[in-house]
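K.L.:
Below is the structure I would like to discuss, written out as structure tokens.
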Amino acid sequence: MTAHQQLIRRKHVIARVGLCWTTIKSMIDTGQFPPPLILTPHASKFAQKIAWVASDIDEWIASRPRGRPSSPVTRRTALAVNKPPSRSSRPTLLPRAKRPQSVKSS
């Protein structure tokens, strides 16, 4: 790492790549995302300070596929897949049976 490379922290990596931390962590574990540098090696696993070299993140972003996905999900296709059943396939609700009138005794 040269003196001119900038380190960016987790919050900024999340904002830059548009993925949540859980997804980034999973991708790091499977080798699909650049691993971070550990800035505080003697801290516990949950208290470690980590950062990435900004150029590594920029290269990862540049390596991602560009353009539209092969089968874009639009609102129309999402509704077609998840559409509610039509009225004809819904069970018919029968009217409630009339309750017998109580007879008042005089």
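The values are calculated or read from the model by the stated rules, or taken from the named source; none is laboratory data. Bear in mind the structure is a predicted one, so any value in this text is a computation, not a measurement. So basically every Cβ, Gly included, is an ideal-geometry build from the backbone, and we count neighbours across all protein chains shown.
K.L.:
For segment 39-57, which positions are surrounded by 11 or more Cβ atoms within 10 Å (Cβ to Cβ) and either in contact with a Ser or Thr (Cβ under 8 Å, 6 or more places away or on another chain) or at pLDDT below 90 (or both)?
P.N.:
L39, A43, Q48, K49
K.L.:
So, one more: Hey, can you tell me all the residues within segment 29-57 that are among the β-branched types (V, I, T), outside any loop (DSSP other than H, G, I, E, B) and touching a Lys or Arg at 6+ places or on another chain (Cβ under 9 Å)?
P.N.:
Across segment 29-57, the qualifying residues are I38, I50, I57.
K.L.:
Please enumerate the residues belonging to segment 1-44 that are hydroxyl-bearing (S, T, Y) and more than 18 Å from D58 (Cα to Cα).
P.N.:
Residues satisfying the conditions are T22, S26, T30, T40, S44.
K.L.:
Can you name the condition, by its number, that W60 falls short on among (1) modelled with pLDDT of 70 or more; (2) part of a loop (DSSP other than H, G, I, E, B)?
P.N.:
Just one mismatch for W60, condition (2).
K.L.:
Let me ask another. Run down R66, R9 and say which single residue is under 22 Å from the mean Cα position of the chain (by Cα) and in contact (Cβ under 8 Å) with a residue 24 or more places away in the chain.
P.N.:
On inspection, the qualifying residue turns out to be R9.
K.L.:
Taking the stated definitions as given, is S26 in a helix (DSSP H, G or I) and within 24 Å of H4 (Cα to Cα)?
P.N.:
In short, no.
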